[in-house]
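The values are calculated or read from the model by the stated rules, or taken from the named source; none is laboratory data. It should be emphasised that the depicted structure is a prediction, and the values quoted were computed from it without experimental measurement. Every residue, glycine as well, gets a Cβ built from its backbone with ideal geometry; the counts of neighbours run over all protein chains shown. For the accessible areas, the whole protein counts, side chains as well, though only heavy atoms, and no ligand, DNA or RNA atoms are used. Shrake-Rupley method; radii C 1.70, N 1.55, O 1.52, S 1.80 Å.
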Amino acid sequence: QVQLVESGGGLVQPGGSLRLSCAASGMRFSIYTMGWYRQAPGKQRELVATMSADDKTTYADSVKGRFTISRDDAKNTVYLQMNSLKPEDTATYYCSARFITLDYWGQGTQVTVSS
């Protein structure tokens, strides 16, 4: 049974930083493209960043230069380092794992950027 469990969300002031983690189990982690998506209230879920099995990365334009995705295949964990956070980054952040037709999601972790 595949499980993705996010952690690291919380309340942070504008300009602050957070690091999200997503621990995976029940899957051959190293072959999956791992990703982070987010959904703000009243908005559609959107891509934040992805990292392929061979470490190729993609980022949404809105987070380029501020967020960094990384993975540790030995720990079956993907991370999202978020710096220079803005109020518009406030959302529920979801971890995803994709391999061909396999597609898994975590339950989400809330990130709130507010003073």
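Keeping the other protein chains in place, figure out the carbon and sulfur percent of the accessible area of the chain, with a 1.4 Å probe.
Values: 2890 of 6080 Å².
C and S atoms contribute 47 percent here.
Ordered by residue, what ³J(HN,Hα) values in Hz, to whole numbers, does the stretch 85-91 give under the Karplus form 6.51 cos²θ - 1.76 cosθ + 1.60, where θ = phi - 60° and Gly and Pro are x?
Here the 3J(HN,Hα) series is 5, 10, x, 6, 7, 4, 4 Hz.
In units of 2.2 N^0.38 Å, what is the alpha-carbon radius of gyration of the chain?
1.00
I need the calculated FRET efficiency for the pair D61 and Q39, taking r as the beta carbon distance and R₀ as 22 Å, to the nearest 0.05. Present the calculation step by step, with values, prior to reporting the outcome.
Details: r = 18 Å, r/R0 = 0.80.
Here the calculated transfer efficiency is 0.80.
At 1.4 Å probe size, with every protein chain present, just tell me what the per residue accessible area of the chain comes to in Å². It would help to have the intermediate numbers written out before the result.
On the way: 6080 Å² over 115 residues.
Computed with neighbouring chains in place, this is 53 Å² per residue.
Could you work out the relative contact order of the stretch 36-80, using alpha carbon pairs under 8 angstrom and six or more residues apart, expressed as a whole percent?
On the way: 50 pairs, mean separation 11.4, N = 45.
Over the stretch 36-80, the number comes to 25 percent.
For the stretch 41-56, in order, what is each residue's ³J(HN,Hα) by Karplus, 6.51 cos²θ - 1.76 cosθ + 1.60 with θ = phi - 60°, in whole Hz (x at glycine and Pro)?
Whole-Hz 3J(HN,Hα) from phi for the stretch 41-56: x, x, 10, 6, 5, 10, 5, 9, 7, 9, 9, 7, 4, 9, 6, 7.
Need one number for the stretch 3-62: average projected area of the convex hull over its C-alpha atoms, nm². Write out the running numbers ahead of the final one.
Values: hull surface 21.2 nm².
That works out to 5.3 nm², a quarter of the Cα hull's surface.
Determine the principal axes of the Cα atoms in the stretch 43-97, then give the extent along each, sorted from largest to smallest and rounded to whole angstroms.
Projected onto its principal axes, the Cα set of the stretch 43-97 covers 34, 22, 17 Å.
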